[in-house]
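Q: The structure follows.
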Amino acid sequence: MAGSQLLPLELIDKCIGSRIHIIMKSDKEVVGTLLGFDDFVNMVLEDVTEYETTADGRRVTKLDQILLNGNNITMMVPGGEYPFL
């Protein structure tokens, strides 16, 4: 399988312009279209839906555009559309 190795940042780069589902370290999940990222995996997303689990239930917030800090990301699911929580 020489030559078929895909590095993490290369995979994220292939996701630019696509929907991505991001699970944060907190009780939040974010689904949006990836516009760009840097070497620290800070990400800019547009057309975003943020899902947060609170003591009162689930809160859903719609946002036009956000900047996510890469330190707070636990997992990314390319093409993911629905929250796991």
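Q: Most mobile of Leu11, Leu67, Leu35 per a Gaussian network model of the chain (Cα springs, under 10 Å)?
A: Maximum among the listed residues: Leu11.
Q: With +1 assigned to the C-beta of every Lys and Arg and -1 to the C-beta of every Asp and Glu, and no other charges, what is the dipole magnitude of the chain about the Cα centre in debye, to the nearest 20?
A: 180 debye
Q: If you take the charge dipole of the chain about its Cα centre, with +1 on Lys and Arg Cβ and -1 on Asp and Glu Cβ, which of Leu9, Ile23, Thr33 is farthest toward its positive end?
A: Of the candidates, Ile23 comes out farthest on the positive side.
Q: Among the aspartates and glutamates, which have Cα under 15 Å from the Cα of Lys62 when same-chain residues fewer than 8 positions away are ignored?
A: Filter leaves Glu29, Glu46, Asp47, Glu50, Glu52, Glu81.
Q: What dipole magnitude, in Debye to the nearest 20, does the stretch 1-45 give about its Cα centre under +1 on Lys/Arg Cβ and -1 on Asp/Glu Cβ?
A: 140 debye
Q: Right, next: Mind computing the radius of gyration and Dmax over the alpha-carbon atoms of the chain? Å is fine for both.
A: Cα-based Rg and Dmax for the chain come out at 13.4, 51 Å.
Q: Carbon and sulfur atoms: what percent of the 1.4 Å accessible area of the chain do they account for? Each step should come with its number before you reach the end.
A: On the way: 2980 of 5590 Å².
Accessible surface attributable to carbon and sulfur in the chain totals 53 percent.
Q: Do the sum for the chain: with -39,500 (n - 2.57) for every DSSP H run of n ≥ 4, divided by all residues, what is the mean residue ellipticity at 222 nm, to the nearest 500 deg cm²/dmol?
A: It comes out at -2000 deg cm²/dmol, rounded to the nearest 500.
The values are calculated or read from the model by the stated rules, or taken from the named source; none is laboratory data. All values reported here derive from a predicted model rather than from experimental measurement. Neighbour counts are summed over all protein chains in view; Cβ atoms, including those assigned to glycine, are modelled from backbone coordinates with ideal geometry. The area values use the complete protein model at the heavy-atom level, side chains included, leaving out ligands, DNA and RNA. Shrake-Rupley method; radii C 1.70, N 1.55, O 1.52, S 1.80 Å.
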